[in-house]
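Below is one structure, written out as structure tokens; the observations come after it.
The values are calculated or read from the model by the stated rules, or taken from the named source; none is laboratory data. Because the structure is a prediction, the values reported are computed rather than measured. Note that each Cβ is placed from the backbone with ideal geometry, even for glycine, and that neighbours are counted across all protein chains shown. The protein model used for the area step is the full one, side chains on, heavy atoms only, and it has no ligands, DNA or RNA in it. Shrake-Rupley method; radii C 1.70, N 1.55, O 1.52, S 1.80 Å.
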Amino acid sequence: MISTPALVAPSAGAPFEARTVEHRDLRDDDVLIDIKFAGICHSDIHQVREEWGGAIFPMVPGHEIAGVVSAVGDGVTRYKVGDRVGVGCMVDSCGECEYCKDGEEQFCAKGAVMTYNGRGYDDEATKGGYAQQVVVSERFAVRIPEGIDLDVAAPLLCAGITTYNPLKRWGAGPGKKVAVVGLGGLGHMGVKFAAALGAEVTVLSRTLGKQEDARAFGASDHRATADEQTFEDLKGSFDLILNTVSANLPVDAYLSLLKPLGALVNVGAPSDPDTFAAFSLIGGSKVMAGSNIGGIAQTQEMLDFAAEHGIGASIETISADEVDAAYERVVAGDVRYRFVIDTATINPQS
Ligand code: NAP
Ligand code: ZN
């Protein structure tokens, strides 16, 4: 077994503890990654606090992993020691079903294995990126281009792909008006990617407090959703609205901001159900959709696109003993715009 320092959530909502955890010895197709940075996704908080139900404890969260390959299994062909790599939300899938063959491993018919809070096909609980090492099949590692530093690359592995995928699918580009709801980890990546794809981007945030940042990320407009006038002014304005909010929203109000045939795509994953009126969609033949991360090939495409356009996450780097406080700040909407853990600071002796 491979032992590595990690941050462990012992039970739902309990503070993190630095402990040593074990990973399997390398299989033929495995790479061992020395993790340098791990992003804090709001999904980590939902799961550590068991807001989505059925969580597995003790839990080592983290699915925004950036590091360097430090050992390879005998059959590994894609990577060598020293390569800069990332791991996102998945670490295994069947590889044989129609979705895996299409590069949409997140929809694997056997069930993709999640990076943490999941079970591998060997029934072992998976352990994620708040650690100094991780073992994954080379099929689930992606190459981090030289042009992106590892700290600002880490959040791309979830926040990046989760916003890039629906923007591509729903045609964000020149001539399209895109609104991004919520300027947090996902939202700020959504703004950067939508702008780089050529769309005209508006941020819909609760207040005007982040408007300078929104413009720096590429938005041409920023409106406060706490102001009812915003919904009057922007009625029928957008081809696409990307909702990244971690809480429930008044869906009908947001649907009213779409042009006819427009789409409201939800990536935010609140624990309570949303409700909306059928006629909010029927009137303009509008679409309401969801979107779940993205496949491995597209994750690589997203990283290459990010490098080409000089896009990384905007981050605040923290040490291991600051993670509990960072969770509180994320929940309070006080994140600018992703916390990234410097994993070298995880010390089980402390
Ligand atoms: P985050 O950094 O906390 O950002 C969420 C943003 O939503 C906040 O910054 C805030 O923006 C806004 N917000 C928060 N609470 C709100 C409320 N009560 N009402 C209105 N707006 C509120 O979270 P994240 O890491 O970007 O994740 C966002 C959501 O996406 C989470 O639910 C997460 O689990 C989910 N997620 C889904 C996928 C997927 O595959 N679909 C992948 C990753 C994450 P403003 O201050 O600008 O209003
Ligand atoms: Zn995530």
Run down VAL142, VAL152, VAL136 and say which single residue is over 23 Å from HIS188 (Cβ atoms), assigned by TED's automatic domain parsing to the domain that holds ASP92 and touching a residue at least 12 places away in the same chain (Cβ under 8 Å).
VAL136
Hey, can you tell me all the residues within the range 278-298 that are at pLDDT 95 or above and either assigned to a loop (DSSP other than H, G, I, E, B) or under 17 Å from THR244 (Cβ atoms) (or both)?
GLY284, SER285, LYS286, MET288, ALA289, GLY290, SER291, ASN292, ILE293, GLY294, GLY295
Within the range 212-249, which residues are under 27 Å from ARG336 (Cβ atoms), open to solvent by 50 Å² or more (accessible area, probe 1.4 Å) and not aliphatic (A, V, I, L, M)?
GLU212, ASP213, ARG215, SER220, ARG223, ASP227, GLU228, GLN229, ASP233, ASN248
I'd like to know if the range 20-34 contains one or more residues that are under 24 Å from GLY268 (Cα atoms), among the β-branched types (Val, Ile, Thr) and modelled with pLDDT of 95 or more.
no
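Do we find that ALA71 is outside any loop (DSSP other than H, G, I, E, B), assigned by TED's automatic domain parsing to the domain that holds PHE339 and within 16 Å of ligand 2 (Cβ to nearest atom) in this structure?
The answer is no for ALA71.
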Do you know which of the residues in the range 47-66 that are over 16 Å from LEU156 (Cβ atoms) and surrounded by 19 or more Cβ atoms within 10 Å (Cβ to Cβ) is nearest to ligand 1 (Cβ to nearest atom)?
GLN47
Scanning the range 31-46 for residues that are farther than 23 Å from GLY187 by Cα and surrounded by 24 or more Cβ atoms within 10 Å (Cβ to Cβ), which turns out nearest to ligand 1 (Cβ to nearest atom)?
ILE35
Number of the condition not met by ARG338 [criteria: (1) open to solvent by less than 20 Å² (accessible area, probe 1.4 Å); (2) of a type in the set (Lys, Arg); (3) over 28 Å from GLU138 (Cα atoms)]:
(3)
Here the residues within the range 322-335 that are surrounded by 14 or more Cβ atoms within 10 Å (Cβ to Cβ) and either free of Cβ contacts under 8 Å to residues at least 60 places away in the same chain or assigned to a strand (DSSP E or B) (or both) are GLU322, ARG329
I'd like the full set of residues that are in contact with a Phe, Trp or Tyr (Cβ under 7 Å, 6 or more places away or on another chain) and assigned to a helix (DSSP H, G or I), limited to the range 126-183.
GLU138, LEU150, ASP151, ALA154, THR163, TYR164, LEU167
For the condition touching a Gly at 6+ places or on another chain (Cβ under 8 Å) and not hydrophobic (A, V, I, L, M, F, W, C), what is the one hit in GLU146, GLU104?
GLU104
Near pairs, Cβ below 6 angstrom, 6+ apart or cross-chain, from the range 217-239 (more than 16 Å from ligand 2 (Cβ to nearest atom)) to any residue that is open to solvent by 40 Å² or more (accessible area, probe 1.4 Å) and aliphatic (A, V, I, L, M)
ALA224/LEU208
Counting only residues that are surrounded by 15 or more Cβ atoms within 10 Å (Cβ to Cβ) and among the β-branched types (Val, Ile, Thr), which one in the range 250-283 is nearest to ligand 1 (Cβ to nearest atom)?
VAL267
Hey, does the range 307-319 have a residue that's open to solvent by less than 60 Å² (accessible area, probe 1.4 Å), assigned to a helix (DSSP H, G or I) and within 24 Å of GLU212 (Cα to Cα)?
yes
Of residues in the range 111-169 being hydroxyl-bearing (Ser, Thr, Tyr) and within 15 Å of ligand 2 (Cβ to nearest atom), the one most open to solvent (accessible area, probe 1.4 Å):
THR126
How about the range 13-49: which of its residues are of a type in the set (A, V, I, L, M, F, W, C), under 17 Å from ILE346 (Cα atoms) and in a loop (DSSP other than H, G, I, E, B)?
PHE16, ILE40
Working only within the range 186-232, note down all residues that are under 17 Å from LYS168 (Cα atoms), within 14 Å of ligand 1 (Cβ to nearest atom) and in a helix (DSSP H, G or I).
LEU186, GLY187, HIS188, MET189, GLY190, VAL191, LYS192, PHE193
